[in-house]
Amino acid sequence: MGTPGGDLIRVMAAGDRDAFARFYDRYAPLVFPFVLRIVRDRADAADVLQDVFWEAWRGAAAYDSARGTPEAWIITRARTRAIDRVRAVRRRGETFVAPVDEATVGAPTPPGGDAAVRAEERQLVASALAQLSQAQREIIELAYYSGLTQREIAERLEQPLGTVKTRIRLALARLREAVTPT
Amino acid sequence: MSHEPFETLAAVYAAGALDGDDLAQFEAHLPGCAECQAAVREAQDTLARAMLSARPQTPLPAVREALVRRVERTRGAGRRAWLTWAAATAVVAAVAAGFTATWVAVRYEARLGQMARETAAVKERLARNEAALQEQVALYRGAVELLRDPATRVVDLRGQGTAASASGRMIWNDAGGGHLFVAGLPPAPAGKTYALWTISGGTPRAAGLFGVDASGRSAHRIAPEVARGAVGVFAVTLEPEGGTPAPTGPIVLASK
């Protein structure tokens, strides 16, 4: 396992570039599929990844292990940057998309689409999520991958706000069991 | 307020989905509540571990190379010197950060407002498109229904006079009314409109007024009430807006 992630960040904060390289080598292969799952474009994902690790290098001194694990520290950054990227791409896209096409932007990929694409999608899905029910997975994906707020999720799923909040809490409890080693 | 609702809010907050009053309330509560801080930390760690559990994929080596080059450059400038400089200018930076935060917040507010307006505009446009499509579908469905009846006739109308290049087709049923489809008709001049007449036994009967779109097309529905008795001839004339009891203007389309 080598140096714990938290120690790596502390050494990075002291300006140790080898620590940065080790930090990158440990976390980039884990963060990359996550970013790719959100932005769905390899070039965009590579850009986002570069921003995320550059910020990690610059911000290493601000890391406080009492406030969270290194994994939470890097994934929170990655999520914010990836969702920002999706929104920026969408805004740029809007100027070129004809009105009629806008209705289909949010439509799910039809079944029987490109098999290779679907196989890749499956690989990007975090395996822990596979242990949730379909409904629990959906709500976590809407919040964490799509960046929707509780109200937007309630509107999308046509469910009361209180139900959405409770469902998120229950899904997280189930997820906790899934990631806790037995 | 009991503490229980905060435990739910902590989960939603960790998932990044808290908004509105809930967010304000929770952020006011969080700094003073060790229990919620622990709950958020725990939930964030759970999410992080879950999200990092996909099959690892090594990104292109170019990403690593570019980062390592950038990191080298920050070292080249002397990180210690940079730190000293940073400490010396920390106060200035803090003030600047304050201004920047305010500026960013203001910009974000504006941006959010603009996005909300854009979304509303798109929704409205979609609703309009949908209404127009439904209207069109209803029209075509009516025409198809009419065509199922063996008693229905399809009559061609020819352009007359100045509108010689216009054409029309009437789907007509003496009991069920009809549908008129027109093409190549110039838009009616200001204060004028097109009027359809059904002529039986030499007597014209008003069968509605219609305009054409920019491409000279129109689809006009004739209600069953208008169809009283067998019609011999169909004609379209140009009339003053509001219509007239009997044709007065020039004939632009007529059946044989």
Seminar exercise, completed: With Cα coordinates, the longest principal axis of chain B makes an angle with the long axis of helix B:61-76, in degrees rounded to 10, of 50 degrees
Problem set entry | Per residue, the convex hull volume that the Cα atoms of chain B enclose (Å³) | 365 Å³
Exercise. For B:14-25, what's the mean count of beta carbons from other chains sitting within 10 Å of each residue's beta carbon?
Worked result: 6
For this session: Order these peptides, B:204-214, B:231-241, B:47-57, by their mean beta-carbon neighbour count within 10 angstrom, highest first.
Result: B:47-57, B:231-241, B:204-214
Exercise. Please state the Cα pair-distance histogram of the range B:1-52 with 5 angstrom bins from zero: what percent is in each bin?
Worked result: 5, 22, 32, 24, 11, 5, 1, 0
Problem set entry | Pairwise FRET efficiency - B:Leu147 versus A:Ala43, Cβ, R0 = 56 Å, nearest 0.05 | 0.55
Exercise. Using the C-alpha atoms of the protein assembly as shown, what convex hull volume per residue, in cubic angstrom, is computed?
Worked result: 252 Å³
Exercise. Carbon-plus-sulfur fraction of the accessible area of chain B, 1.4 Å probe, in percent?
Worked result: 60 percent
Problem set entry | 10 Å Cβ neighbours from other chains, averaged over peptide A:70-81 | 4
Seminar exercise, completed: Probe 1.4 Å, protein heavy atoms only: A and B together bury a total accessible area in Å², to the nearest 100, of 5300 Å²
Exercise. When the Cα centres of the range B:127-180 and the range A:18-33 are compared, how far apart do they sit, in Å?
Worked result: 67 Å
Exercise. Dividing the Cα convex hull volume of the range A:5-94 by residue count, how many Å³ per residue is that?
Worked result: 86 Å³
Problem set entry | Accessible area per residue, Å², the range B:153-254 with all protein chains present, probe 1.4 Å | 47 Å²
Exercise. Given N residues in the range B:88-190, what is Rg(Cα) / (2.2 N^0.38 Å)?
Worked result: 2.32
Exercise. How do B:142-150, A:163-171, A:56-64 rank on mean C-beta neighbours within 10 Å, highest first?
Worked result: A:163-171, A:56-64, B:142-150
Exercise. Based on the alpha carbon coordinates of the range B:153-254, what radius of gyration and maximum Cα-Cα distance (Dmax) apply, in Å?
Worked result: 12.4, 35
Exercise. Any idea what angle helix B:34-51 forms with the longest principal axis of chain B, computed on alpha-carbon atoms, 0 to 90 degrees, nearest 10?
Worked result: 70 degrees
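The values are calculated or read from the model by the stated rules, or taken from the named source; none is laboratory data. This one's a predicted model, so the numbers in the text were calculated from it and none came from an experiment. With ideal geometry, Cβ positions are generated from the backbone for all residues, glycine too; neighbour counts draw on all protein chains shown. The accessibility values were calculated without ligands, DNA or RNA, using every heavy atom of the protein model including side chains. Shrake-Rupley method; radii C 1.70, N 1.55, O 1.52, S 1.80 Å.
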